[in-house]
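*Asks:* Okay, handing you the structure first.
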Amino acid sequence: MAKMTMVQALNLALQQEMKKDDSVVVLGEDVGVDGGVFRVTDGLINQFGDQRVLDTPLAESAIVGMSIGIAVYGLKPVCEIQFSGFSYQNFHQLENHAARLRWRSRGRFHVPMVLRTPYGGGVRALEHHSESREAYWAHTPGLKMVIPSGPRNARALLISAIRDPDPVIFYESKAVYRAFREEVPEAEEILPIGKPQLIQEGSDVTMISYGAMMRPTMEAAAELKNKDGIEAEVIDLLTISPLDEEILVQSVKKTGRVVVIHEAPRSFGPGAEIVARLMEKAFYHLEAPIERVAGFDIIMPLFNREKVYLPSTERILRATRKVLAAK
Amino acid sequence: MPRKKITISEKVEYLSILNEKGQLDKELEPDIGEDVLLKLHRTMLLARKFDERLLNLQRQGRSGTFAPIKGQEAAQLGTIAHLRPSDWMVPAFREAAADIWRGRSLESIIIYNNGFGEGVAIPKDRNDLPISVPVGSQIIHAVGLGWAAKYRQKDDVAMTYFGDGATSQGDFHEGLNFAAVFQAPVIFVCQNNHWAISVPLSKQTRSKTLAQKALAYGMPGIQVDGNDILAVYAAAREAVQRARTGGGPTLIECVTYRLMMHTTADDPKRYRSDEEVEEWSKRDPLPRFQKYLLDKGLLSEEKMLEVESEIMEEIQAAVDGAEKQMEALGDPLDMFDHAYAEMPPYLNEQKADLARELSESGKEGDHG
C-alpha cells in the first residue's frame with residue numbers, strides 16, 4: 001500500500017479503470033498535456049493517447065453535451081469541469097438531458113457519464129472557485145451526487161461512479177486534494193454509491209457531514225471526547241443523492257441528538273433534507289432540536305474572509321454542545 | 001504597419017435544382033433510384049396528410065400541443081434519407097417527417113402528443129434520440145455520438161436537426177466548434193424556416209446566410225433551397241459521404257418556411273402577414289416534387305390518388321389504433337419508471353405511498 005493524496009488516489013482510479021476498460025475516456029479543459037490544473041489526470045495522455053484523453057476547447061456546455069453523446073453511444077466518459085463554479089454553463093445539459101435521457105427514451109438510452117469537478121473553499125482562490133453547490137445537482141432527479149472526503153474513499157467511489165449506469169456528479173474538495181495522505185491499496189477497492197459510512201461509533205450525539213467538512217467534524221468529535229467525555233457517532237454521507245437515510249435513522253434512534261455539518265449555504269442545503277427525513281423517520285427518538293452548521297446564506301466571500309464563512313471546528317463544537325445541553 | 005487583408009478562401013454555395021415551378025436544372029439533377037424517389041414522395045405525402053390530421057385532432061381536443069411540420073418535409077426527407085439504421089439521428093421537436101422515414105410509427109406520435117411518455121420510446125433497431133425541446137441543446141449530443149463512432153472505428157455518422165433560432169444559442173456554436181476541432185462525423189441540418197415563434201430571421205442574425213457560420217469553425221457550409229428535395233438530397237449525400245469517409249462535419253442550411261404555427265398554442269397572425277405565407281405556399285415542396293415525378297413518368301395522376309387514398313387509410317388506422325392503445329395507458333405509477341437504473345429506497349417509498357393513496361381514494365389514472 002502506498003500513502004497517497006486525494007489527487008494521486010483519483011489519478012490511480014482513472015488509470016486503473018482506463019486500463020481495464022477501453023470504453024472509459026477522459027475529456028475536459030487542460031486534462032491532457034497539462035494533466036489537469038490540479039494534476040488529477042496527470043500522465044493519462046501519455047499512457048492512453050490523445051484519442052482517449054481529450055484536451056477540449058474551452059466550453060463547459062459542450063464538454064458535458066459531448067459527454068452525453070459519448071455516453072449514449074455506450075462509452076463511459078469522465079469529463080472534468082475545471083471548477084464547479086463554471087459548471088452553471090453546463091447546467092442545462094445536466095438538468096435537461098443527462099438526468100432525463102433514460103426516462104425520456106424509456107430505458108432505451110442511458111447516460112453513464114461522470115462529471116468530476118473541484119468544489120469548496122479553503123484554498124484562497126478567486127471568486128467562483130470556492131462554492132459548494134451540491135444541492136443544485138442533488139435536487140435534479142436522475143442525477144447522482146457523490147462527495148468523497150479523503151484519498152481512499154475518493155479512489156473507491158470514483159471507480160464506482162465510472163461503472164455506474166447513471167450520470168454521477170463527483171465533487172472533489174480542493175481543500176482535501178493535497179491536505180493529507182492515506183494508505184490506498186493498489187488492488188481494486190470500491191465503495192457503493194448511495195451508502196453513507198459510519199466512521200466512528202458513539203452513543204451521545206450523531207454528527208453527519210461529508211467532503212471537506214469531515215475534517216473539522218472529526219476534530220470536533222475528538223475534542224468532545226477528550227474535553228467533555230462525549231462519545232459522538234460520526235457519519236460520512238459520501239453520497240448526497242440518492243440519499244439513503246437508513247444509517248442516519250438508526251444512529252438517531254441510538255443518540256437522540258443530531259448535528260449536520262456542511263459548507264454549502266444553510267437554506268435549502270443538504271442539511272435541510274437530512275433534517276426533514278429524520279423528522280419523518282425518527283421524530284420520537286429526538287431529544288433535542290437538530291442543529292445545522294453550514295455556510296451562510298450569502299455569496300461566498302473572497303478569500304480573506306473565507307475562514308470565517310466556512311464551518312470551523314469551533315462552530316461545530318458550539319453547535320454540538322448546544323444539542324447536548326438541551327433537556 | 002499597414003492594415004492587411006486576410007484572405008478567407010472558402011465560399012458558401014447555394015444549391016437549387018428543382019425551382020418553385022417544378023422546373024429542373026438537368027445538369028444538377030442527382031441520380032436517385034426510382035424506388036427511393038417514390039418512397040420519398042410517399043413519405044412526404046404521408047407526413048403532410050398526417051400533420052393535417054394531427055392539427056384536426058388537436059383542434060377537436062383529442063390531442064395536446066404539437067409542432068406542425070407543414071412546408072419542411074423536403075428539408076427533413078432529403079437529409080434523413082441518407083442515414084443507415086446504425087447512424088444516429090438527433091432531432092429537435094419538429095422532425096415528424098424524418099421520424100416517419102426512420103420508421104417511427106404514426107401511433108407513437110399521436111400517443112406522445114397526448115402526453116404519454118410511451119409515445120417517445122425508441123425501439124432497439126433505431127439509433128434515434130428522442131425529441132429534444134430546449135432549443136439547440138441537442139446539437140452537441142450529435143458531436144459526442146459522432147466522436148464515439150469514430151473512436152470505435154465505425155463509419156457511422158450523426159445527423160442533428162435544429163432551426164434558425166437555434167443558431168443564436170451558444171450550444172450551436174460550441175457544437176460546431178467541437179465537431180470541427182475533433183473532426184467528428186456530424187451533419188448539422190439547419191431548417192431555416194424563417195420564424196422562431198414570433199421572431200423573424202432578420203432579428204435572429206445579421207449574417208447574410210446561416211450556412212456561412214460554418215466557415216468560422218473551419219467546416220464546409222452550404223445553403224440549399226430547403227423546399228427542393230433534389231437539392232437537399234444532393235447536398236446531404238455529399239455531406240454524409242464526407243463524414244463517413246473521415247472528412248469531418250458539414251453545416252447544411254435548408255432555406256424553408258414554417259407554413260403553420262410554431263406549435264398549436266401559437267397564433268402566427270399576431271406577427272406575420274397572410275401575404276408572406278401566401279408567397280411561401282407557392283414554394284411548397286410537395287407539388288414541386290410531384291410535378292418532377294409526373295414529368296419523369298414515375299407517377300401518374302391516378303397513381304398519386306391511389307397513394308393518397310392508401311395514406312388516408314393508414315392514418316385513420318393509426319388514429320384508431322392509438323386511441324385504442326391509450327385506453328390501456330394512464331397508470332400514473334409508470335412515471336416513476338426509468339428514473340435510475342435502480343430505484344433508490346426513497347423513490348420506492350414514494351411510489352408505494354402514491355399507489356396506496358390512489359387505491360384508497362378509489363381513483364384510477366386519468367386517461368387524458
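The numbers here are math on the coordinates, done by the rules we state, and not lab data. Quantities reported herein were computed from a predicted structural model and do not represent experimental measurements. Cβ: placed from backbone, ideal geometry, glycine included. Neighbour counts: every protein chain shown.
*Asks:* Quickly work out the residue A:304-to-residue A:47 label distance, labels modelled 7 Å from Cα along the C-beta direction, and quote it in nm with one decimal.
*Replies:* About 4.3 nm separates the two model spin labels.
*Asks:* Extending each Cα 7 Å along its Cβ direction at residue B:304 and residue A:58, get the distance between those two points in nm, one decimal.
*Replies:* It is 5.7 nm.
*Asks:* Over segment A:197-325, what lengths in whole Å, largest first, do the semi-axes of the equivalent ellipsoid take, defined as the square roots of 5 times the eigenvalues of the alpha-carbon gyration tensor?
*Replies:* Semi-axes from the Cα gyration tensor: 22, 17, 13 Å.
*Asks:* Show the residues, 5+ positions off or on another chain, whose built amide H is closer than 5 Å to the amide H of residue A:169.
*Replies:* A:115, A:144, A:145, A:146
*Asks:* While we're on this one: If you rank B:194, A:97 by fewest surrounding Cβ atoms within 10 Å, what's the result?
*Replies:* Going from least to most buried by this count: B:194, A:97.
*Asks:* I've got another one for you. Using the Karplus curve 6.51 cos²θ - 1.76 cosθ + 1.60 with θ = phi - 60°, what ³J(HN,Hα) values do you get for each residue of segment A:4-12, in whole Hz, with x for Gly and Pro?
*Replies:* 10, 7, 5, 4, 5, 5, 5, 4, 4
*Asks:* Could you give me the ³J(HN,Hα) list for segment A:99-112, computed from phi with Karplus coefficients 6.51, -1.76, 1.60 and θ = phi - 60°, whole Hz, x at Gly and Pro?
*Replies:* Coupling constants for segment A:99-112: 6, 10, 5, 4, 5, 4, 8, 6, x, 5, 10, 9, 10, x Hz.
*Asks:* Amide H to amide H, which residues 5 or more places from residue B:226 or on other chains are under 5 Å from it, using H placed in the peptide plane?
*Replies:* Sorted by chain and number, the residues that satisfy this are B:255, B:256.
*Asks:* Contact order normalised by length for segment B:153-224, with contacts defined as Cα pairs under 8 Å and 6 or more residues apart; what percent is it?
*Replies:* Answer for segment B:153-224 is 35 percent.
*Asks:* How much net charge surrounds residue B:84 when only other residues with a Cβ under 11 Å from its Cβ are counted (Lys, Arg +1; Asp, Glu -1)?
*Replies:* Its environment carries a net charge of +1.
*Asks:* Restricting to DSSP H runs of at least four residues, report the calculated mean residue ellipticity at 222 nm for chain A, -39500 (n - 2.57) per run over all residues, nearest 500 deg cm²/dmol.
*Replies:* -9500 deg cm²/dmol
*Asks:* Please tell me the relative contact order of chain A in percent, rounded to the nearest whole number, where contacts are Cα pairs under 8 Å and at least six residues apart.
*Replies:* 16
*Asks:* Anything over 21 Å Cα to Cα? Flag those among B:124/B:154; B:49/B:282; B:39/B:282, in the order listed.
*Replies:* B:39/B:282
*Asks:* I've got another one for you. Please figure out what share of the DSSP beta bridges in segment A:197-325 is antiparallel and state it in percent, rounded to the nearest 5.
*Replies:* About 20 percent, rounded to the nearest 5.
*Asks:* Compute, for chain A, the length of the dipole vector about the Cα centre, with Cβ point charges of +1 (Lys, Arg) and -1 (Asp, Glu) only. Units Debye, rounded to 20.
*Replies:* In debye, rounded to 20, chain A gives about 560.
*Asks:* Report the label-to-label distance for residue B:23 and residue B:279 in nanometres (one decimal), using points 7 Å from each Cα along the Cα→Cβ vector.
*Replies:* My value for the distance between the label points is 2.0 nm.
*Asks:* Continuing with the same structure: Using Cα atoms only, what is the angle between the long axis of helix B:345-360 and the major principal axis of chain B, expressed in degrees (0 to 90) to the nearest 10?
*Replies:* Tilt relative to chain B: about 60 degrees.
*Asks:* Given R₀ = 45 Å, what would the calculated FRET efficiency be for residue B:241 paired with residue B:349, taking r from the Cβ atoms and rounding to 0.05?
*Replies:* 0.25
*Asks:* Still on this structure, I have one more. With θ set to phi - 60°, apply the Karplus curve 6.51 cos²θ - 1.76 cosθ + 1.60 along segment B:168-182 and write out the HN-Hα couplings as whole Hz, x wherever there is a Gly or Pro.
*Replies:* 8, 6, x, 4, 5, 5, 5, x, 5, 4, 4, 4, 5, 4, 8
*Asks:* Find out how many positive minus negative residues lie around residue B:257, taking Lys and Arg as positive, Asp and Glu as negative, among other residues whose Cβ is under 12 Å from that of residue B:257.
*Replies:* -3
*Asks:* Determine, from the Cβ-Cβ distance of residue A:253 and residue A:222 and an R0 of 25 Å, the FRET efficiency 1/(1 + (r/R0)^6), rounded to the nearest 0.05.
*Replies:* Efficiency computed from Cβ-Cβ geometry: 0.55.
*Asks:* Below 8 Å between Cα atoms, with a sequence gap of 6+, how large is the relative contact order for chain B in percent?
*Replies:* Relative contact order, chain B: 22 percent.
*Asks:* Compute the acute angle (0 to 90°) between the alpha-carbon long axis of helix A:151-163 and the principal axis of greatest extent of the alpha-carbon atoms of chain A; round to the nearest 10°.
*Replies:* 50
*Asks:* Determine the dipole magnitude for the protein assembly as shown: charges of +1 sit on the beta-carbon of Lys and Arg, -1 on that of Asp and Glu, nothing else is charged, the reference point is the Cα centre, and the result goes in debye to the nearest 20.
*Replies:* Rounded to the nearest 20 debye, it is 1840 debye.
*Asks:* Give the percent of DSSP beta bridges with both residues in segment B:13-327 that are antiparallel, rounded to the nearest 5.
*Replies:* 10
*Asks:* To continue, here is another question. At 222 nm, what helix-only mean residue ellipticity would chain B give, in deg cm²/dmol to the nearest 500, using -39500 (n - 2.57) for each DSSP H run of four or more?
*Replies:* Per the formula, -13500 deg cm²/dmol.
*Asks:* Going 7 Å from the Cα of residue A:297 in the Cα-to-Cβ direction, what parts of segment A:124-162 have a backbone nitrogen less than 19 Å from that spot?
*Replies:* A:132-137, A:139
*Asks:* Give me the distance between the Cα centres of segment A:120-153 and segment A:34-81, rounded to whole Å.
*Replies:* 19
*Asks:* Ok, one more. If you filter segment B:195-225 for trypsin sites (Lys or Arg not before Pro), then keep DSSP loop positions with at most 13 other Cβ within 10 Å, what is left?
*Replies:* B:206, B:208
*Asks:* List every residue whose amide H lies under 5 Å from the amide H of residue B:128, counting only residues 5 or more places away in sequence or on a different chain, with H placed 1.01 Å from N in the peptide plane.
*Replies:* Amide H neighbours of residue B:128: B:89.
*Asks:* Something else now. Between the alpha-carbon centers of segment B:87-139 and segment B:261-283, tell me the distance in whole angstrom.
*Replies:* Between the Cα centre of segment B:87-139 and that of segment B:261-283, the gap is 25 Å.
*Asks:* Express as a percent, rounded to the nearest 5, the fraction of DSSP beta bridges in the protein assembly as shown (both residues included) that run antiparallel.
*Replies:* Beta bridges within the protein assembly as shown, antiparallel portion: roughly 15 percent.
*Asks:* Turning to a different aspect of this structure: Angle between the Cα long axis of helix A:214-223 and the longest principal axis of chain A, 0 to 90 degrees, nearest 10?
*Replies:* Roughly 20 degrees, rounded to the nearest 10.
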